[in-house]
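Asks: Quick one: the structure is below, questions incoming.
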Amino acid sequence: MLQLHTGLVAWTIIIFVLLLVILRKVAWKPIVDGLEERTQKIKDSLEKAEAAQKAAENARAEYEAMMAKANKEAQELIARSRKDAETARDKIVAEAQTSSDQILQRTKREIDLARQKALEEIKQTAAEMSISIAGRLIGKSLAAKDHQDLIRQALSDMQSLSGEPN
């Protein structure tokens, strides 16, 4: 049977309590400090991870904002370039129209000058013909019918020289 020895139980309890006191002073404190240190490292790591995640989100937001700004600037540049191209085109068309108008005016002036010169030549020819007719008249005396024929012939000559129908 089992007997309980009080002396043995007392010594076991004393040794057990002593062992607990020694372990508490020697082993328990370093174990608890190690666990606390590890807990603190885990908390620090989690905080750093959260901070890194926030920084990454901020960087992503900044990147998206920069991309949106760059896209907007590109669209503005394209619009400005189109406007400049249209302005340049309008300017070129206006210059071409102005040049065309100037050429047209110059050509009209040249035509008018040529026409005036031709009219002067016709007048000169008419005067020469009048002198010739007068010379013929002086050379012979005309009847009324001859006089009419001579006028018609002079007018006909003038029309054929000017190229204008009467």
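Asks: Taking Lys29, is it surrounded by 10 or more Cβ atoms within 10 Å (Cβ to Cβ), modelled with pLDDT of 95 or more and in a helix (DSSP H, G or I)?
Replies: Criteria not met by Lys29.
Asks: Every residue in region 6-18 that is modelled with pLDDT under 90 and surrounded by 10 or more Cβ atoms within 10 Å (Cβ to Cβ), please.
Replies: Of everything in region 6-18, those that are modelled with pLDDT under 90 and surrounded by 10 or more Cβ atoms within 10 Å (Cβ to Cβ) turn out to be Leu8, Val9.
The values are calculated or read from the model by the stated rules, or taken from the named source; none is laboratory data. Predicted, not measured: the structure shown is a model, and the values here were computed from it. Don't worry about glycine lacking a Cβ; one is built from the backbone with ideal geometry, like all the others, and counts go over all protein chains shown.
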